[in-house]
Amino acid sequence: MKFLDHLEEWLIAFLIAGATLIVFVSVVHRYLAGMAIPGLQDWLLSLDFSWAQELCIFMFIWMAKFGAAYGVRTGIHVGVDVLINRLSTPMRAKFVLFGLLAGATFTGIVGTFGAGLVAHVMHTGSTTEVLEWPAWILYMAIPLGSYLMCFRFLQVAWAFHRTGDLPHHDHGHVEGVDDPDKPEDINWFALDDDLHPREMSHPIRKPEDGGKPQ
């Protein structure tokens, strides 16, 4: 499962970074091509970036489908659980499992219909408008993303059935960054230096005494 988790994260990160880079280069190209710079303007106008918008749309569609599955796994989707949390624990567990299984059923159905759509588009031989890629490549995001989302729903439902816990995302936490240690509570008025204000009512902490108040 770890490999699938990392593959999911790498794909989303690659799509976000790639789409952002393409948009940035396209905007800079459009801006510089409008400036009357001898030699540079002619060279920029010879470059064709008409494909950039269509490719970014495709990348964002794929990113949205796989990002939705990632959201189920990490618990970042918005949910309204005011009434559910007021129920007793056994009843709440039943409703939570029902919601997860309903999500798995819905995404499984969408994935199945999406697979049928991909098969139909493959037989038509249609292509995209600008890139002229086979259109089924774009539509493959529907069954792949939906089936992965269905799997994530079942995964979360099984984990909840065993442990009673749901994935929860802390929006204030950054992965890979440890929480800083709690800073020492220092009385700035008691420091024996000329950098901080001093009050006679507070004891002075001297370095030679180990910083202990006198």
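The values are calculated or read from the model by the stated rules, or taken from the named source; none is laboratory data. Nothing here was measured: the structure is a model prediction, and the numbers come from that model. Because the Cβ atoms are built from the backbone with ideal geometry, glycine has one as well, and the counts that use them run over all protein chains shown.
Here are some notes:
- When the range 141-170 is filtered for residues that are free of Cβ contacts under 8 Å to residues at least 24 places away in the same chain and assigned to a loop (DSSP other than H, G, I, E, B), the ones remaining, listed by number, are Asp165, Asp170.
- Subset of the range 72-105 that is of a type outside the set (Ser, Thr, Tyr), in a loop (DSSP other than H, G, I, E, B) and at pLDDT 85 or above - its residue that is nearest to the chain's Cα centre (by Cα): Ile76
- Selected residue (criterion: surrounded by the most Cβ atoms within 10 Å (Cβ to Cβ)) from residues of the range 34-48 that are part of a helix (DSSP H, G or I) and of a type outside the set (S, T, N, Q): Leu44
- Among the conditions (1) touching a residue at least 60 places away in the same chain (Cβ under 8 Å); (2) touching a helix residue (DSSP H, G or I) at 6+ places or on another chain (Cβ under 7 Å); (3) not aliphatic (A, V, I, L, M), Ser26 misses just one, which is (1).
- Taking (1) touching a Ser or Thr at 6+ places or on another chain (Cβ under 8 Å); (2) aromatic (Phe, Trp, Tyr); (3) at pLDDT 95 or above in turn, Phe49 satisfies each apart from (3).
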